[in-house]
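First comes the structure, then the notes that go with it.
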Amino acid sequence: MKFVSQFSKAMTFSLVLFAVSLADQAIAANNNHSKNNSTLIAAKARVRTLANPWGPLVKVPYRSWLPRKEKPRMVLFCVHALGFSSKSYDNFGRRMAASGIPTYAIDVRGFGQWIQKPEEAHMDFEACLTDVEQGLKTLHKAYPKLPVFLVGESMGGAIAIQAASRYPDLVNGLVSAVPSSSDRKNGKSTSTVAYRTSGRPLGDVDMAPIIVDGATANVALRKKIEAEPLNRMDLSKKEIAQFEKFMEQTHDAAPLIERIPTLMLVAYKDRLVTASGSVELFTEMTAAEKLMIGDGNSEHLMLEEAQMTPEIEWILKGWLREKAGKAVLRHVATK
């Protein structure tokens, strides 16, 4: 199988490929790194779709940010927040790639490029978890000697926790930022409030006033988020109910995180959700290697939309380097 590619005016790759093609091409790039440096450009995101194992007609959109010269020591696989898309990791991906870390981000079902087709513009968390599984398998095949870290924020943080609990052998490390929409003590969440207060019994609920305004106090950033065509803030009440149920299930998945090194990021300027819900998830995890970092300067978005602070970047990269080194040593010891 081969790549089908086309350059856009913005010099962004748009490709449709199968998982085996991605793996074969990435393996070739990894093994012949010095020869292919000109094709590994961190300054531009590659936009692609990945075939789902359910069949050749299901393509999963994602982006990648690849190092220009550095030989990679680990790989990141990112999942975005509610309402956003893989594009929200653009600044994050560039900063990681600049440090020699190949970074990939997937569009969650119902968001990003999924919304370009009406029949696919709906949430499907079970299918999304399968997409994550396939992505992890593909990256392990593409980078067979490197640890793969799963990264998620908000809804993406919950998806990352649940995926890690299901596929522990595919996840060498977990980074979850503000992964809870509520805590079990008060039982309240922003989406429940929106669901109950919406004046329309049927049809979509505009979540932008809650998601966008709660995510940041920065007016310019709010306008940028609302103007992004790949973001989707109108959700049906059925989707909101599915979201609530899925987020609640994260509490059941957290105790299953037993042997995966985990970094939890909590924002104390978060106006969208309380920090206590994420703290509760952290305490429920049983992993021997787990660390929680609370940032008093971060709002809800700690990684996406260029909101990662220099302090969080320094902590994250240091943690990743340490855990990647340990993962490599464990891999060598088992040989």
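Each value in this text was obtained by applying a stated rule to the coordinates, not by laboratory testing. Nothing here was measured: the structure is a model prediction, and the numbers come from that model. Virtual Cβ from ideal backbone geometry, glycine too; neighbours counted across all protein chains shown.
Numerical summary
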{"item": "Rounded if a/c under 1.5, otherwise prolate or oblate - segment 231-281, Cα gyration tensor axes", "result": "oblate"}
{"item": "Residue order, fewest to most beta carbons within 10 Å, for Y104, Y143, Y268", "result": "Y268, Y143, Y104"}
{"item": "Ordering of 154-167, 70-83 by burial proxy (mean other Cβ atoms within 10 Å per residue, highest first)", "result": "154-167, 70-83"}
{"item": "S236 long-range amide H proximity, modeled H, under 5 Å", "result": "V205"}
{"item": "In sequence order, calculated HN-Hα J values of segment 94-103 (Karplus, 6.51, -1.76, 1.60; Hz; x Gly/Pro)", "result": "5, 5, 5, 4, 5, 9, x, 10, x, 10"}
{"item": "Extension reserve of the Q116-L329 stretch, reckoned as 0.36 nm per residue once the Cα distance is removed", "result": "72.3 nm"}
